[in-house]
1. How many nm is it between the label spots at Phe106 and Thr75, if each spot is 7 Å from the Cα in line with the beta carbon?
2. Of Val98, Leu4, Ser17, which is farthest towards the positive pole of the chain's charge dipole, taken about the Cα centre with +1 and -1 on the beta-carbons of Lys, Arg and Asp, Glu respectively?
3. Please report the equivalent ellipsoid semi-axes of the chain, computed as sqrt(5 x eigenvalue) of the Cα gyration tensor, largest first, in whole Å.
4. At a 10 angstrom cut-off on C-beta neighbours, averaged per residue, how do the peptides 90-103, 3-16 rank from highest to lowest?
5. Can you compute the label reach from Lys68? Point 7 Å from Cα along the Cβ direction, backbone N cut-off under 12 Å, restricted to segment 87-103.
6. Okay, helix-only estimate at 222 nm for the chain: each DSSP H run of n ≥ 4 adds -39500 (n - 2.57), divide by all residues, round to 500 deg cm²/dmol; what do you get?
7. Stretch Asp50-Ile5 to full length: gain in nm at 0.36 nm per residue minus the Cα-Cα span?
8. Over the chain, what percent of the accessible surface lies on carbon and sulfur atoms, probe 1.4 Å?
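The values are calculated or read from the model by the stated rules, or taken from the named source; none is laboratory data. Quantities reported herein were computed from a predicted structural model and do not represent experimental measurements. Please note: Cβ atoms are built from the backbone with ideal geometry, for glycine as well, and neighbour counts cover all protein chains shown. With ligands, DNA and RNA removed, areas are computed over all heavy atoms of the protein, side chains included. Shrake-Rupley method; radii C 1.70, N 1.55, O 1.52, S 1.80 Å.
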Amino acid sequence: MKLLIVIVQDQDVSDLSEKLRENGHMFTKLSSSGGFLRSGNTTLLLGAADEAVPGLLDLIQKCCKSRKQPAPAYTMLSSDYSFALGTPYEVTVGGATVFILNVDEFHKF
Ligand code: 2BA
């Protein structure tokens with residue numbers, strides 16, 4: 001069994017949740033925020049059989065789109081706290097960030 005930790009942009013969550021439910025997957029939704037942009041995103045915890053993982057990755061890839069977002073000014077701070085020279089820039093966020101962990105044990109009481 002695997003545990004998938006899936007970080008998705010809020011705009012993609014309802015589509016992905018719907019598709020996961022349609023396909024019979026159980027998951028837990030957590031509100032989270034990105035350490036870099038400090039804006040909200042959603043983290044899904046998804047326990048699944050090993051053989052379900054390829055299908056899940058496919059589904060996640062289809063539902064989660066990449067988007068360009070302006071990087072706020074504080075991300076341009078350099079380590080000595082002076083503003084780095086340069087014009088505002090954009091970063092590409094997503095599709096989704098997925099971690100896959102082996103599950104040693106799984107219990108439901
Ligand atoms: P954030 O940390 O808010 O990052 C948003 C986007 O900013 C990232 O998109 C990436 O394109 C850019 N970015 C992040 N750190 C950067 C840096 N030090 N310098 C320049 N650009 C940077 P994604 O890579 O698609 O990540 C989307 C969200 O997924 C992240 O939001 C974070 O919440 C999560 N994430 C991504 N990689 C992670 C990791 N290795 N560990 C934990 N969470 C991660």
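1. 3.5
2. Among Val98, Leu4, Ser17, the one farthest towards the positive end of the dipole of the chain is Ser17.
3. Computed over the chain, the values are 33, 15, 11 Å.
4. 3-16, 90-103
5. Under 12 Å, as judged by backbone N against the label point of Lys68, lie 89-93 of segment 87-103.
6. Dividing the helical sum by the residues of the chain leaves -7000 deg cm²/dmol.
7. Extra length from Asp50 to Ile5 when fully extended: 14.8 nm.
8. 56
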